[in-house]
Amino acid sequence: MEFARVTAKGQATIPRRIREAAHIREGDMLAFELDSNNRITIKRIESSVDTELAALQETLSEWNSPQDEEAWRDL
């Protein structure tokens with residue numbers, strides 16, 4: 001089991017081992033689902049399959065900050 005702490009902005013860093021196993025790379029789009037037992041499922045989305053998600057990805061620049069880069073280096 002891997003752990004991550006949620007920041008005040010609601011962000012968490014996906015542990016390196018999980019990113020590598022799921023082939024999650026910088027810029028990938030993730031989908032979150034919550035079931036009736038409050039379990040969260042995260043799925044990597046192929047943005048080339050969905051042009052709307054590809055367009056949305058361009059608007060996520062708020063997650064590209066010096067603090068985010070520092071969090072990546074700490075892993």
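The values are calculated or read from the model by the stated rules, or taken from the named source; none is laboratory data. Since the model is a prediction, treat every value here as computed from it, not as a measurement. Here the Cβ is made from the backbone with ideal geometry for all residues, glycine too, and neighbour counts use every protein chain on show. With ligands, DNA and RNA removed, areas are computed over all heavy atoms of the protein, side chains included. Shrake-Rupley method; radii C 1.70, N 1.55, O 1.52, S 1.80 Å.
Let me check I've understood the local charge: for Ile18, count other residues with C-beta under 13 angstrom from its C-beta, Lys and Arg +1, Asp and Glu -1. What total comes out? Before the final figure, lay out the partial values.
On the way: positive: Arg16, Arg17, Arg19, Arg25, Lys43, Arg44; negative: Glu2, Glu20, Asp28.
Overall, the nearby charge balance is +3.
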| message | Give me, ordered by chain and number, the residues 5 or more places off Met29 or on other chains with an amide H under 5 Å from its own placed amide H. | response | Ile45, Ser47
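Using a 1.4 angstrom probe, figure out how much accessible area region 5-45 has per residue, in square angstrom, rounded to the nearest whole.
Details: 3490 Å² over 41 residues.
Per residue, region 5-45 has an accessible area of 85 Å².
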| query | Can you run phi through the Karplus equation (6.51, -1.76, 1.60; θ = phi - 60°) for region 24-41 and list ³J(HN,Hα) in whole Hz, with x for Gly and Pro? | reply | 8, 10, 3, x, 5, 9, 10, 10, 10, 10, 10, 8, 5, 9, 6, 8, 9, 10
